[in-house]
């Protein structure tokens, strides 16, 4: 009818739902949605930007492999103790299966990767915790590998740098996990007394026993923006003191305000800043006036 | 009897019955001595049965007994001339940790320990034995002082854990604990730690980096409380009893895991039944421990501590190499 021509076209009352086949046309992983600002971006570009969101600067989780690639000079990393694996000292049901599953998923053998490498040409010993493996929790292997990395730094007389990312002690290894806090701290003290330089970079999350041992024992304690850092869990504190906590409680920025950190450094500036710190601590540290 | 625990009720009931019979024979003109003898024999067997086969959860109950002797109780029996030192020199004095100087059998020592209360009023003052950072910093200050004057250090461990509070986080609970672990490593004097009640997580470990670690028979030492473990593992804090069993938190467990050096025998039914006798047991172990360690040089003491903690943990190696490339 003629009058139909002048009426506004009715808005569709249904949303377009892509068909199953259309969905599969976009292979998984091409796009990434930022969990913070919900914006969608190309994964490749995000990775190129060290997994820092272009829009809100949210620092996406980095696994150990990505971290090493982003931080060390290319091809400089030499891993040590890569095939050390956990036992089941408490005979905890399903523990071994869970470990195997995570090994399969992450292609690493435990929640920390250790070794040596160079940054701006300067040799360091490094330990990178990986929160994609059992939430980065610390059991006997994590404690032992970190301790051996510290001993390696001591042996080579090079700085020790650790990236922490951990929910804390691993429950399935009970008190042995707790003792790893002491083991790593005792090793750090020996290294420190021998003049070794320790830099700790806390990434999201660094809590519990890891926060209460090596993570807090750097000559320089640094953190990535927005990282959750603390000893006790937020919920436990809220239940204990029966009041709500501020939103920024236990964030890197909160800790900086409380005087617990030297600096909060965006991931994109991290390598340069660490290089600068290292260059102030040149090996030997013996300053000599240049003869003119 | 006040403070009796569930698992020891049969013993208590039998004891009561015997007491009643004894009372009865005094007043009535009947001879029940053979009956009483029989019952006493049964009591002995029952006590042996119950107290020698204690389940982990029974030990947890004893470790948490409100009347269980505290650090200050043992200090009064074990040391002379105890002088308590207060404050961390930076923020305040945390009464959840006590410390000071004293003499043990004539030897000058520094004594530090977690301190909980025995009643509500004292528990509020002591924050239920759950320290804030200033407590750990006070402890560290006293340890450094002991190091300066070459006094052995004796630590009593008895806490549910470091206090999980807002102020504690703001003042650096993590850093305070970490610093203690770090600094205790290089103390040039013997450090002996004795777990007398609950050894709860990092809050306990912060006084626990010793050359020797001993545990009272019915004390516990764990990475998380049984309730906490149950809440995480099975989403049900009520399963604490089961968690206590699977987490291996008792003194015999820790001895087997290679964490603890010696188990200090307890008075039958728990230390609270006779503090004096219990203190004597501790004194004996402490004497031996101290004698052994005082033979070591300063460097040997530091190495000894390093090797002790280095050896804790279980791991193996995969044959094939799978590394990050």
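The values are calculated or read from the model by the stated rules, or taken from the named source; none is laboratory data. If you're wondering where the values come from, they're calculated on a predicted model, not measured in any experiment. Every residue, glycine among them, receives a Cβ derived from its backbone with ideal geometry; neighbour counts consider all protein chains shown.
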Strands (runs of 3 or more DSSP E) wholly inside region B:203-319 that include at least 1 residues being under 17 Å from the mean Cα position of the chain (by Cα), free of Cβ contacts under 8 Å to residues at least 40 places away in the same chain and closer than 26 Å to residue B:70 by Cα: B:220-222
Complete set of residues in region B:110-128 that are free of Cβ contacts under 8 Å to residues at least 60 places away in the same chain and touching a strand residue (DSSP E or B) at 6+ places or on another chain (Cβ under 7 Å): B:110, B:111, B:115
Hits in region B:162-199 - residues which are assigned to a loop (DSSP other than H, G, I, E, B), more than 7 Å from every other protein chain (Cβ to nearest Cβ) and surrounded by 24 or more Cβ atoms within 10 Å (Cβ to Cβ): B:163, B:190
Set A:91, A:109: member being without any contact (Cβ under 8 Å) to a residue 40 or more places away in the chain, surrounded by 22 or more Cβ atoms within 10 Å (Cβ to Cβ) and more than 14 Å from residue A:149 (Cβ to Cβ): A:109
Verdict on residue A:232 being touching a strand residue (DSSP E or B) at 6+ places or on another chain (Cβ under 7 Å) and modelled with pLDDT of 90 or more: no
Residue match in region B:235-243 (condition: facing another protein chain (nearest Cβ under 9 Å) and at pLDDT below 95): no
Boolean, residue A:195 is in contact (Cβ under 8 Å) with a residue 60 or more places away in the chain and either within 14 Å of chain B (Cβ to nearest Cβ) or buried (at least 24 other Cβ atoms within 10 Å of the Cβ) (or both): yes
2 or more residues farther than 23 Å from residue B:309 by Cβ and at the interface with chain B (Cβ under 10 Å from one of its Cβ atoms): qualifying strands (runs of 3 or more DSSP E) within region A:74-174: A:78-80
Residue B:208 being within 11 Å of another protein chain (Cβ to nearest Cβ) and either modelled with pLDDT of 95 or more or touching a helix residue (DSSP H, G or I) at 6+ places or on another chain (Cβ under 6 Å) (or both): yes
Residue under evaluation residue B:145, criteria (1) out of contact with any helix residue (DSSP H, G or I) (no Cβ under 9 Å at 6 or more places or on another chain); (2) within 11 Å of chain A (Cβ to nearest Cβ), criterion not met: (2)
Region A:229-268, residues that are more than 8 Å from chain B (Cβ to nearest Cβ), surrounded by 10 or more Cβ atoms within 10 Å (Cβ to Cβ) and either in a loop (DSSP other than H, G, I, E, B) or free of Cβ contacts under 8 Å to residues at least 12 places away in the same chain (or both): A:235, A:238, A:239, A:248, A:254, A:257, A:261, A:262, A:265, A:266
